[in-house]
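Report on the structure given below.
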Amino acid sequence: MKILHICNDFSASKVHASLYQELDALGVEQTIFSPVRDASLIGNNIFKSLHTDFVYANVVKPYHRYVYHLKRKHVFNEMLKRIDVRQFNLCHATTLLTDGGLAYLLYKKYSIPYVVAVRNTDINGFLDLMPHTWLSARKILLHAARVFFISEGLKRKFLSHVSVRGIVPKIEKKIVLMPNGINDYFLDHVQHRSHTGHGVIYVGDFSSNKNVVRLGEAVLRLKKEPQFQDIMLTIVGGGHDNSNRVQKMISNHPDTMNYIGKIYDKEKLCSLYSKNKVFAMPSIHETFGLVYLEALSQNLPVLYTKGQGIDGLFSESVGIAVNPLSVDEIATALRQLLTNDKYSNKEVDFSRFRWRLIAQQYLNYYRSVK
């Protein structure tokens, strides 16, 4: 079996590389096609492989974000110039519109079956803002052999969207819930001991979507309460569009906010987790959020977003979901997480988040496609 992965985000995300590397280890012959908008991204995330070819194409133009159908046709033609697509038994598209659109064209022209994943950008970047893509989205869903969702919350939100809810009965039998995996280091170093104190930790970038400023405002609000005068928000990460605002907030409150910067060493990160009581990331939009699981592996209760990310993934009491636009709700959740020891990872089966197992499950689904 030969698989063509269409992955526009391959250069910017290690999630896809983790899956493809495990598939390679399983002996899957595969080609990764990654159209990019900047030549500097070419070569990112290449891993040592025995059965994988990497094909980058610097063919995406800035104006393409406004002309979906023109972009799709252009990138499709550029893909055909670089790859003999007739050699593949199956195509796996990592997003519904950007990548799934190419897979649909392959299916129509060469009868190559495809599976497709739905991500948050498909909703808030396309369906919510570009009604002219709705018909294409429905065609892609109706002809896909499988439709993968990374989280239960994302699946609920997507299937209730006005653009697709009318075809749900026609696609529900091919829907598969398939969470992402996390790095083996965290799975091999799961901790169950409880944490004390009033430390809150955030790990991530400083984009407006990650909502660090509202999290900081909630922490500052709690600091005014007598029992939380020692509260401290440790911030790991940086960069992106809201960086200046976050950095200013940190500078103005050195007694409440401890800025660490970016950390890539997993042992150091786990050490920081061990010194805090709660992990908090109230993202406005979140397809999955690997960092929630990484923190949870260290037995930190997590504050996450209603209807996003890991919401609905666990039946166990691992944390609290909040409205990310409400500082009051974030503060209330932090108060409960910091003063209540009922949240724990002891009942979580972390083995389901091992990439090796997830890759095998994907391969089983690939093989089931006729």
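The values are calculated or read from the model by the stated rules, or taken from the named source; none is laboratory data. Bear in mind that the values here come from a model prediction, so they are computed numbers and not experimental data. FYI the Cβ positions are ideal-geometry reconstructions off the backbone, even for glycines, and counts take in every protein chain you see. All accessible areas refer to the heavy atoms of the entire protein, side chains included, with ligands and DNA or RNA removed. Shrake-Rupley method; radii C 1.70, N 1.55, O 1.52, S 1.80 Å.
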Query raised in the report: Does segment 170-226 come out rounded, prolate or oblate by the C-alpha gyration tensor, with a ≥ b ≥ c the root eigenvalues, rounded set by a/c under 1.5 and, if not, prolate when a/b is larger than b/c and oblate if not?
Result: oblate
Report task. Determine how large the accessible area of Phe350 is when every protein chain is in place; take a 1.4 Å probe and give Å² rounded to the nearest 10. Result -> 20
Query raised in the report: Among the listed pairs Lys266/Lys342; Lys210/Lys262; Lys174/Lys370; Lys81/Lys108; Lys48/Lys81, which are separated by more than 20 Å between their Cα atoms?
Result: Lys266/Lys342; Lys48/Lys81
**Report entry** Charge sum, other residues only, whose C-beta stays under 13 Å from Phe88's C-beta, Lys/Arg counted +1 and Asp/Glu -1
**Finding:** 0
Query - Euclidean distance of C-alpha centroids, segment 7-40 and segment 148-189, integer Å - result: 20
Query raised in the report: By the gyration tensor of its Cα atoms, with a ≥ b ≥ c the square roots of the eigenvalues, what is the shape of segment 1-157: rounded for a/c under 1.5, prolate for a/b over b/c, or oblate?
Result: rounded
Query - Positive minus negative residues near Lys71 (Lys, Arg vs Asp, Glu; Cβ under 10 Å) - result: +4
Query raised in the report: ³J(HN,Hα) across segment 307-313 via Karplus (A = 6.51, B = -1.76, C = 1.60, θ = phi - 60°), whole Hz, x for Gly/Pro?
Result: x, 10, x, 7, 4, x, 7
Report task. Would you compute, from DSSP H runs of 4+ residues alone, the mean residue ellipticity of the chain at 222 nm, taking -39500 (n - 2.57) per run and dividing by the full residue count, rounded to the nearest 500? Result -> -10500 deg cm²/dmol
Query raised in the report: Is segment 212-308 best put as rounded, prolate or oblate by its Cα gyration tensor, with a ≥ b ≥ c the root eigenvalues, rounded for a/c under 1.5, and otherwise prolate when a/b is larger than b/c, oblate when not?
Result: rounded
Requested in this report: In nm, give the distance between the simple-model label positions of Lys173 and Ser49, each being 7 Å from the Cα along the Cα-to-Cβ direction.
Outcome: 3.4
Query raised in the report: Local charge sum around Tyr259 (other residues, Cβ-Cβ under 14 Å, Lys/Arg +1, Asp/Glu -1)?
Result: +1
